[in-house]
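Note sheet for the following structure.
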Amino acid sequence: MEKENKVTAVFYITDKAHSLAEDIAYMYVGAKAIKFSTELLPAMWHQYSGLVFIMSSGIVVRAIAQLIKDRKSDPAVVVVDENSEFVISLLNGHLGGANDLAREIASLLGARPVIALAAELSNLPSIDLWAAEKALVIEDWDQLPKVAARLRNDGVLRVYAENEIELPEVFLREADPANADILITSKQLLEFSEDDGRARLYLRPRQLVVGIDCNSGVNEAEIEEAVSRVFEEHNLSRLSICLIATIDKKANERGLVRFAEKCGLEIRSFRAEEINKIKGIERSESVFQATGAYAVAAPSAMMAADTDRLVIPKTKSGNITVAAAQKKDRSAGKLYIVGIGPGGNMHITQRARAAIKESDVVIGYETYLNLVPDLITVKEIITTGMTQESDRCKKAIELARSGKTVSLISGGDPGLYAMAGLVFEILSSENRGNEVQGVNAPEENLLVEVIPGISALNASAARLGAPLMHDFVSISLSDKLTPWETIEKRLDAAAMADFVIVLYNPKSEGKNDQFSRAIEIINKYKKPETPVGVVKGAMRPGEDIIITDLEKVGGLPIDMQTTVIVGNSGTFVWNGHMITPRGYEFKLDA
Ligand code: SAH
């Protein structure tokens, strides 16, 4: 839908619907929220290309019945219920764009689009995106368009899967590989004839750890040849390899490193003492002489795969020994670290909405969760106090590892004074202890995605005008995790260098003097008339925007929801806006 060229009217009757109508109109250029009346409607029918009604569909059907002519000239008609649960595409779905409009509004509101057209194959999954999400490797990309076409034509695909894997609704489980369009297996060949000319897409689960031992000086080609041969002999696909395991002494062996690079695989290595603890392994004196371990390929594969069973027993050929183990089938969990923006429905991204909706568990500070109540209805919710941030992160990681999809919610952006860093710090410190592997390492099934949000500095700057048009620095005045001396040093340097300065956390619990001390430092370098913007609760109900200057800002009430922006030497105030020039003169004759 070409929104820019089309104009939408949003009709409401009640007060509740009125504010929803304003929200929707805000999302479309030129759109208007209009109080509904049947007399007005005939004039509007051709004036707007999209009409959105927030009321019962009965009222709408009666009101528009006389006006409907044909698909070419009628506008798109969409109905939204007052609780913003459903968005119905009522008229002119395809040509008029009502289906798209309904979908779009639904996603903005976190509602469900209701689109009842038989021919409409809405929301078919993208096979390659789904495969990537499930860590399945596409064997032959040429087959993909053929199978995708079948999905479009039939609306369903048949899937043969040897792994426990959650399938999209339109993927039907099929026990007989001969009848399947998609085959999920590590086996190179399955026992059926493929001579029927039917397109089949093989997806290889990344689940096999290959253990490799080699003599010094072997080259990459020899290793590749050995691995390929052994996998072929065991009817296993090399594409299912997720990791190479070996002993630490061999981890830097050139041929092995090159082979790993070529295959895009990581090498995980173990010390001889660790390897020798594995029981039931055939011991070799010569290997022990060379490495200090009684065996290398088999036990290192088993250790990395966290299993005591091999799918390929130790196989030695010439200079190279290969073995393989299958990782325990842990269902992949997901951890979304979601920024929900400064507040309210209108400033949260679509991706953030989608992630929260998809999640089994939502974890966050209550204040943030309360900002997006419509998104968080039927799931497990965990709220803990603000001070227990690391507990929240640990809980989120633990739940995601158990196979759940978890959204960890931050206000603003999750990567700015928030949860994203903490999650990665926790994961990487575990990694250092070598107990659990880090994020997205092949043997860690946990997928982590950071979903950005509009930070307080974006929201506050937008409310003030354009104060961040030139180089700026952001400094948090919270000394909970940073020594106050460091904060003072940074304030001093930033003020001296004439940066615009954004102050986060100007007031923290129980303390009062950080803000005045910060202003005192900034005052050493900046003029008293330097503009200062003070934004409290940006984009939240009761937001408060004040533009003042350095001399007067000290006397203003500052709280924990406030962001302060101090201008640079060029910042000026015009017409209630705080503006930092881009750095060059505005030339009218340019
Ligand atoms: N991750 C958040 C920042 C968390 S630190 C973000 O990206 O915005 C908390 C500080 O952010 C608060 O003390 C305040 O300085 C600022 N802040 C958060 N929300 C705000 C809002 N709606 N308006 C103004 N400042 C806000």
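The values are calculated or read from the model by the stated rules, or taken from the named source; none is laboratory data. This one's a predicted model, so the numbers in the text were calculated from it and none came from an experiment. Positions of Cβ are backbone-derived with ideal geometry, glycine not excepted, and every protein chain shown enters the neighbour counts. Surface accessibility is based on the protein's heavy atoms, side chains included, excluding ligands, DNA and RNA. Shrake-Rupley method; radii C 1.70, N 1.55, O 1.52, S 1.80 Å.
Listed values, structure above:
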item	result
Three-way shape label, the stretch 295-343, alpha-carbon gyration tensor, a/c 1.5	prolate
Karplus 3J(HN,Hα) series, Hz, for the stretch 100-113 with 6.51 cos²θ - 1.76 cosθ + 1.60 (x for Gly, Pro)	5, 4, 5, 4, 5, 5, 4, 6, 5, 8, x, 9, 9, x
Simple spin-label estimate for residue 152 and residue 381 in nanometres, 7 Å along Cα-Cβ	4.2 nm
Segment residue 198-residue 492, length gained on full extension (0.36 nm per residue, minus Cα span)	98.8 nm
Within-12-Å neighbourhood charge of residue 543 [Cβ basis; K, R +1; D, E -1]	+2
Relative contact order (%) - criterion: Cα under 8 Å, at least six apart; region: the chain	8 percent
Distant-in-sequence amide H partners of residue 33 (H built 1.01 Å from N, under 5 Å)	10
Value of relative contact order over the stretch 8-116, rounded to a whole percent, pairs C-alpha under 8 Å and six or more apart	21 percent
Percent accessible area from carbon and sulfur atoms, the chain, protein chains only, probe 1.4 Å	50 percent
Cβ-defined net charge surrounding residue 18, 11 Å radius [Lys, Arg +1; Asp, Glu -1]	-2
3J(HN,Hα) from dihedral phi, the stretch 41-52, Karplus parametrisation 6.51/-1.76/1.60, rounded to Hz, x for glycine, proline	4, x, 5, 7, 3, 9, 6, 10, 8, x, 10, 10
Calculated [θ] (222 nm, deg cm²/dmol) that DSSP helices of n ≥ 4 give over the chain, each run adding -39,500 (n - 2.57)	-9000 deg cm²/dmol
Prolate/oblate/rounded call for the chain, Cα gyration tensor, a/c under 1.5 rounded	oblate
For residue 249, net neighbour charge (Lys/Arg +1, Asp/Glu -1) across residues whose Cβ lies under 13 Å away	-3
Nearby lysines by direct alpha-carbon distance to residue 489 (threshold 28 angstrom, same-chain neighbours under 8 apart not counted)	480, 507, 511, 524, 526, 527, 536, 552
Prolate/oblate/rounded call for the stretch 127-205, Cα gyration tensor, a/c under 1.5 rounded	rounded
Share of Cα-Cα pairs in the stretch 8-116 lying beyond 21 Å, as whole percent	23 percent
Residue-by-residue Karplus 3J(HN,Hα) for the stretch 303-311, coefficients 6.51, -1.76, 1.60, Hz, glycine and proline x	5, 5, 8, 6, 8, 10, 10, 9, 9
FRET efficiency, residue 132 to residue 35 (Cβ-Cβ, R0 56 Å, nearest 0.05)	0.70
The stretch 208-326 - percent relative contact order, Cα under 8 Å, separation 6 or more	35 percent
Selection of trypsin sites (Lys or Arg not before Pro), the stretch 165-262, meeting DSSP coil and at most 13 other Cβ within 10 Å	198
Exposed chymotrypsin sites (Phe, Trp or Tyr not before Pro) absent: longest stretch of the chain, with sites in DSSP loops and at most 12 other Cβ within 10 Å deemed exposed	142-583
Chain lengthening between residue 215 and residue 71 when straightened (0.36 nm per residue, less Cα-Cα)	44.4 nm
For residue 405, residues with placed amide H under 5 Å, excluding near neighbours	334, 360, 361
Long pairs among 16/357; 328/404; 187/404; 249/277; 328/394, criterion Cα-Cα beyond 20 Å	16/357; 187/404; 328/394
Average accessible surface area per residue within the stretch 449-579, 1.4 Å rolling probe, Å²	49 Å²
Residues whose placed amide H lies under 5 Å from that of residue 188, excluding near-sequence neighbours	236, 237
